[in-house]
Amino acid sequence: MNYTIPEEVFVKAAEQYGTPLWIYDRETIEKRVKETQVFDTVRFAQKACPNLSIISLVRKLGGVVDAVSAGEIVRALKAGFKGGQQKGKAPEIVYTADIFDKDALELVKEHNIAVNVGSPDMIQQLADFGVKSELTLRVNPGFGHGHSSKVNTGGPLSKHGVWHEQIKDCIKLAQNNGMWITGLHMHIGSGSDFEHLSQVCDAMVDASRRLGSHVRTISAGGGLPIPYHEEDKGNRIDMKAYFELWDNARKRIQQSIGHEVHLEVEPGRYLVAESGYLMAEIRAVKKQGDNLFYLLDAGFTDLVRPSFYGSYHGISIIARDGRNLDETVPKPCTPRVN
Ligand SMILES: *Cc1c(COP(=O)(O)O)cnc(C)c1O
């Protein structure tokens, strides 16, 4: 595997801190944040890596953050982001969820956190709790995508977002309670399927018609893909083309309402996935029938994705003493899941 960090650094870090150990490469994160800053606002979907130092780094680089739970609001505040909503400025923290639990509702009120509403019930609960603020709406356009059926974030089988036919009802419900919906959000995860993405963009333009001149911001959501396999490394997403599709949707909306619309993107994995390494030590080697197993001091409590939805993570071995392992150690078996 090609590391972005010298092998000696891994060995030293493991000796100093023990294993299992997560190591992150700051330069990679900086590069990815800068690339995505062709959008007006880059909002880090922190569940991709809610490490406090990483969230702070994103803040220093000019990014903002989303929070999908009370705990993530607390993390965002700890990392130095502030609540509050100022006219003409993207809020530093946006709570994007389909429900409020009690803690989240209290934190939203206490810190004046912007809310991206995922169900009509949330609007009513905000009102009942005495919150009056501007809202954005996460819309489920009626179709989905996603890199795995377990993380599909649109369509009738997804719990996420307000069903597209209910946008008008939500607008009314908000207005009846003295609130305005000023933005729309779609997180569908088209990946690099640009044909699908342009359908999402069309759905955004369509949804914005229902909101009319109140639209001030639209969010393209996340789902930007990264190359998982070594052999795909040269095949990166075309950020310019990705942006242009969304920029075009934004321009169509601007044209029909006659004022500027702010364009956000909300990547999670894209900003951090290629920067992270999980280091574990081989603690036992054994044969089970014809299969050779290397047993590590790390498990799915440290990296849940392969067992949760079969995501691929490359594995390679570094020798503590720097010797060339190709001659002495059989290659680890390739993970069966993909
Ligand atoms: C997970 C998530 C994202 C980011 O998804 P990635 O595939 O990691 O880019 C963006 N927005 C919301 C609301 C999410 O839950």
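See the values below:
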{"quantity": "Shape call, the chain: gyration tensor on alpha carbons, a/c limit 1.5", "calculated": "prolate"}
{"quantity": "Degrees between helix 194-211 axis and first principal axis of the chain (Cα, 0 to 90, nearest 10)", "calculated": "30"}
{"quantity": "³J(HN,Hα) computed for each position of region 54-59 - Karplus, 6.51 cos²θ - 1.76 cosθ + 1.60, integer Hz, glycine/proline x", "calculated": "6, 4, 5, 4, 4, 5"}
{"quantity": "Amide proton proximity set for residue 162, modelled H, under 5 Å, gap of 5+", "calculated": "138, 139, 140"}
{"quantity": "Among 320, 75, 252, residue whose mean-square fluctuation peaks in a GNM of the chain (springs only between Cα atoms under 10 Å)", "calculated": "320"}
{"quantity": "Gyration tensor verdict on region 1-63 (Cα atoms; rounded if a/c is under 1.5, prolate if a/b is larger than b/c, oblate otherwise)", "calculated": "prolate"}
{"quantity": "FRET efficiency for residue 169 and residue 109, using Cβ-Cβ distance with R0 set to 25 Å, rounded to 0.05", "calculated": "0.55"}
{"quantity": "Summed residue charge, Cβ within 12 Å of residue 293's Cβ, Lys/Arg positive, Asp/Glu negative", "calculated": "+2"}
{"quantity": "Residue 129 long-range amide H proximity, modeled H, under 5 Å", "calculated": "none"}
{"quantity": "Long-range HN-HN contacts of residue 114 with modeled amide H, under 5 Å", "calculated": "84, 93, 95"}
{"quantity": "Difference of contour (0.36 nm per residue) and Cα-Cα distance, residue 309 to residue 283", "calculated": "6.8 nm"}
{"quantity": "Radius of gyration and Dmax over the Cα atoms of region 130-201, both given in Å", "calculated": "13.9, 43"}
{"quantity": "Distance histogram for region 141-285 (every C-alpha pair counted, 10 angstrom bins, percent rounded to whole numbers)", "calculated": "10, 36, 31, 14, 6, 3, 1"}
{"quantity": "Fully extended contour minus Cα-Cα distance, from residue 317 to residue 259, at 0.36 nm per residue", "calculated": "15.3 nm"}
{"quantity": "Angle between the chain longest axis and helix 239-257 axis [Cα atoms, degrees, rounded to 10]", "calculated": "10"}
{"quantity": "Reach of residue 286 by Cα under 18 Å, taken over lysines that are not fewer than 8 positions away in the same chain", "calculated": "331"}
{"quantity": "Out-of-range pairs (alpha-carbon distance over 29 Å; input 102/159; 34/89; 132/240; 60/168; 78/251; 12/240)", "calculated": "132/240; 60/168; 78/251; 12/240"}
{"quantity": "Ranking of 285, 162, 11 by count of other Cβ atoms within 10 Å, fewest first", "calculated": "285, 11, 162"}
{"quantity": "Beta bridge orientation in the chain: antiparallel %, DSSP, nearest 5", "calculated": "25"}
{"quantity": "Rounded to the nearest 20 debye, dipole of the chain from Cβ charges on Lys, Arg, Asp, Glu", "calculated": "580"}
{"quantity": "Crossing angle, helix 26-36 versus the chain [Cα axis fit, 0-90 degrees, rounded to tens]", "calculated": "30"}
{"quantity": "Fewest-first ranking of 136, 182, using other Cβ atoms within 10 Å as the exposure measure", "calculated": "182, 136"}
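Where a number appears in this text, it was derived from the coordinates with a stated rule and is not lab data. None of these values were measured; they are calculated from a predicted model. Because the Cβ atoms are built from the backbone with ideal geometry, glycine has one as well, and the counts that use them run over all protein chains shown.
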